[in-house]
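First comes the structure, then the notes that go with it.
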Amino acid sequence: MTGPGGLAWEPAPPRADLLAPPVAAALEAWGAAAQQVLVAEIDPDLADTAALVEATGAPASVMANCVVVNGRRGDVERIAGCVVLATTRADVNGLVRKRLDARKASFLDHDRAVSGSGMEFGGITPVGLPPEWQVLVDAAVLEVDVVVIGSGVRRSKLALPGALLGQLPGAEVVEGLGVPLPPS
């Protein structure tokens, strides 16, 4: 099956070998919705969105990134996976900070993001994040027919209807979460 970037896409649920364990478990628990999720094996050096776009010619407008952010208010820490299109960046110090009810928000430390999610850095996806983490999805992601996102590992990518990301357990759709990148 062909899809974005001309990659060899196939149904994701039976390919647990191409998924981080929490992603495979989440797809199994997701029921019929998981049947709309595809996976494609890639060179791990192409896990970063810019490298994948350059190598495959897939438009950045169908790529999404999941960044992990934490915020604190007093002794309470909250963590969120924030899903935005690759043509934008997460509004960490605005909307994300407010959604986390935090005085300050910042990207979660690399080691904590990896150990907490059970996923590889550069492959973190909202599918299968810990249930105590919030999942914030930019409303613009839902408008993309087929969006490409991490699979939990650097050696593959997931493709699924953008609207499906808004249906993840615990997901909150946030208008304006992704702000346009400045011109390069």
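The values are calculated or read from the model by the stated rules, or taken from the named source; none is laboratory data. Bear in mind the structure is a predicted one, so any value in this text is a computation, not a measurement. Virtual Cβ from ideal backbone geometry, glycine too; neighbours counted across all protein chains shown. Note: accessible area is taken over every heavy atom of the protein model, side chains too, but ligands, DNA and RNA are not part of it. Shrake-Rupley method; radii C 1.70, N 1.55, O 1.52, S 1.80 Å.
Listing for the model above:
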{"quantity": "Beta bridges by DSSP in the chain, antiparallel share as percent, to the nearest 5", "calculated": "75"}
{"quantity": "³J(HN,Hα) computed for each position of segment 85-95 - Karplus, 6.51 cos²θ - 1.76 cosθ + 1.60, integer Hz, glycine/proline x", "calculated": "5, 5, 7, 9, 10, 5, 7, 4, 8, x, 4"}
{"quantity": "Segment 105-183: GluC sites (Glu not before Pro) in DSSP loop, at most 14 other beta carbons within 10 Å", "calculated": "Glu132, Glu143, Glu175"}
{"quantity": "Farthest positive-ward along the chain dipole, Cα basis, beta-carbon charges - from Asn70, Pro22, Val83", "calculated": "Asn70"}
{"quantity": "In order through segment 160-170: 3J(HN,Hα) via Karplus (6.51 cos²θ - 1.76 cosθ + 1.60), integer Hz, x for Gly, Pro", "calculated": "7, x, x, 4, 5, 5, x, 9, 4, x, x"}
{"quantity": "Mean shadow area of segment 84-130, taken as a quarter of the surface of its Cα convex hull (nm²)", "calculated": "3.8"}
{"quantity": "Cα centroid of segment 46-98 to Cα centroid of segment 124-146, whole Å", "calculated": "10"}
{"quantity": "Per-residue ³J(HN,Hα) for segment 71-83, Karplus 6.51 cos²θ - 1.76 cosθ + 1.60, θ = phi - 60°, Hz, x for Gly and Pro", "calculated": "x, 10, 9, x, 8, 8, 10, 10, 10, 9, x, 10, 9"}
{"quantity": "Value of relative contact order over the chain, rounded to a whole percent, pairs C-alpha under 8 Å and six or more apart", "calculated": "27"}
{"quantity": "Carbon + sulfur, % of accessible area of the chain - ligands and nucleic acids excluded, 1.4 Å", "calculated": "53"}
{"quantity": "When the convex hull of its Cα atoms is projected in every direction, mean area for the chain (nm²)", "calculated": "9.8"}
{"quantity": "Residue-normalised accessible area of segment 61-184, expressed per residue, 1.4 Å probe, Å²", "calculated": "45"}
{"quantity": "Listed peptides 43-49, 84-90 by packing density, highest first (mean Cβ within 10 Å)", "calculated": "84-90, 43-49"}
{"quantity": "Alpha carbon Rg of segment 54-97, scaled by the compact-globule rule 2.2 N^0.38 Å", "calculated": "1.49"}
{"quantity": "Compactness index (Cα Rg / 2.2 N^0.38 Å), segment 1-108", "calculated": "1.27"}
{"quantity": "Kirkwood Rh, angstrom, segment 100-184 [1 / mean 1/r, Cα pairs]", "calculated": "14.1"}
